[in-house]
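Just so you know, all these numbers are worked out from the coordinates, no wet-lab data involved. As the structure is a computational prediction, the values presented were derived from the model and not from experiment. FYI the Cβ positions are ideal-geometry reconstructions off the backbone, even for glycines, and counts take in every protein chain you see.
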Amino acid sequence: MTKSTCSLLCFLCGFMAQQAIAQHSIEQIRAMQSEPLTYSALKVNEVITVDGKADEAVWERAAWSSDFVDIRGSQAQKPTYPTKLKMLWDNQSLYIYAELEEPHIWADIDKHDEIIYLNNDFEVFIKPFLQHATYYEIEVNPLNTILDLVMTKPYRFNGEALIHWDLKDLKTAVHNEGTLNKAKDKDKYWSVEIAIPFESILSFGKSKTPPLNSYWQINFSRVQWEHVLENGIYQRKKTNGKFVEEDNWVWSPIGIINMHYPERWGYVQFVESLDKPAKLPSTYEIKKLAWNIHYLQQLHFNATKKFADDLKKLNGYEEFIASKLSDYIVDITTDKQLDFYRITLKNRHSDAHFVIDSKGNTN
């Protein structure tokens, strides 16, 4: 095992432990109530060359996203530098182009699957199959160094980051509108262009191309560090011997500083016309209620060491649950020790249903 591999594994183990003990509060749950963003990705037939520039005419047909915001949402400070992106797709791939305004473009991590976000970076999170726990992450820095991994499920449910997995035939390119790692001038931006082959992330028995008008859950993150110059070389800034915490700017805000809440990501819809704006999937509301109940159950367990067998016992019942019960039937099954629960939600007006348990398993 190489030294770099050891350091990566140690870092991930520490990160996973930190995520596992993370606890919610009512205030955090309130912060996670914003509506996820949606984006209509236009299907195209033109050839797209992945060179980091998006200078083909076809990119003019794609709409810009809204500017990124702090991961915590509107209550946090506006990001220092704008970030925005576009998406397109064809029968083979999803294409992403992002521009990151940056007066100081720098990076020093140049080995594949290193901890890329210890540099400023751009990150893609995708969950192609809404009913599955598995999702994928791609990180890119201004040197076009890549970290790609698959998550079996979120860290907080003891998910594993499979770093050894590589996204086959992934294409990425970076364009620096400025001078990389040179501090004497002011740069403009760096841009990232990515092609994600559908065939490389398909599940067994699934079509390799997303059906028209279908959805993926998706989100994007920009990690931004304060820096200092040491002998003309960029370094992450330290205060009292510790690195200053990074900024986390995202497309669709989570509400807390943790990207590994895929239920809080936005959605991309695969369309062939931009005549109508993308809407949230019809299943969004029932899933939101289910996850709110799940968050409140975690709070209840933290306080009592047991899960509630009655929704009314949950702190936050009136705020997050009561008003929704006119539209949904909620059944709870627990074991005798109240250390496990399973919740089934049914829409009173349709066939929609959703199941979630205390371990975060859903269907």
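Tabulated data
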read-out: Hull shadow area, averaged, the stretch 298-355 [alpha-carbon convex hull, nm²]; value: 4.0
read-out: Total charge dipole magnitude, the stretch 248-363, about the Cα centre, Cβ charges on Lys, Arg, Asp, Glu only, Debye to nearest 20; value: 200
read-out: Of K111/K184; K43/K84; K53/K168; K288/K312; K171/K237; K171/K208, pairs whose Cα-Cα distance is over 28 Å; value: K171/K237
read-out: E101 versus T134: modelled label distance in nm, points set 7 Å from Cα along the beta carbon direction; value: 4.0
read-out: For the stretch 272-327, alpha-carbon Rg over 2.2 N^0.38 Å; value: 1.54
read-out: Whole-Hz ³J(HN,Hα) from phi, Karplus 6.51 cos²θ - 1.76 cosθ + 1.60, for the stretch 60-71, glycine and proline x; value: 5, 7, 8, 7, 6, 6, 5, 5, 5, 10, 4, 4
read-out: Fully extended contour minus Cα-Cα distance, from N363 to Q33, at 0.36 nm per residue; value: 116.6 nm
read-out: Helix 284-304 vs. the chain, principal-axis angle (Cα, 0 to 90°, nearest 10); value: 80
read-out: Size descriptor, Kirkwood hydrodynamic radius, that averages inverse alpha-carbon separations across the stretch 53-123, Å; value: 14.6
read-out: Extension reserve of the E177-E272 stretch, reckoned as 0.36 nm per residue once the Cα distance is removed; value: 31.0 nm
read-out: Segment S25-D55, extension gain: residue separation times 0.36 nm, minus the distance between their alpha carbons; value: 6.2 nm
read-out: Helix axis angle, 3-20 relative to the chain longest principal axis, alpha carbon, degrees; value: 30
read-out: The stretch 121-230, relative contact order [Cα under 8 Å, separation at least 6], %; value: 28
read-out: Simple Cβ-charge dipole of the stretch 70-137, Lys/Arg +1 and Asp/Glu -1, about Cα centre, in debye nearest 20; value: 420
read-out: Relative packing of peptides 216-223, 333-340 - highest average C-beta neighbours within 10 Å first; value: 216-223, 333-340
read-out: J(HN,Hα) series, the stretch 138-147, from Karplus relation 6.51 cos²θ - 1.76 cosθ + 1.60, nearest Hz, glycine and proline x; value: 10, 10, 9, 10, x, 8, 6, 7, 10, 10
read-out: Mean-position separation - Cα centroids, the stretch 131-191 and the stretch 330-348, in angstrom; value: 38
read-out: Taking the convex hull of Cα positions in the stretch 127-227, its mean projected area over all directions (nm²); value: 8.7
read-out: More than 38 Å apart - percent of Cα-Cα pairs taken over the chain; value: 20
read-out: Residues in the stretch 25-69 that a label on N91 would reach, taking backbone N under 17 Å of a point 7 Å out along Cα→Cβ; value: 43-48
read-out: Helix-only mean residue ellipticity at 222 nm for the chain, each DSSP H run of n ≥ 4 adding -39500 (n - 2.57), per residue, nearest 500; value: -4000 deg cm²/dmol
read-out: Calculated on alpha-carbon atoms, Rg and Dmax of the stretch 219-304 in Å; value: 19.6, 56
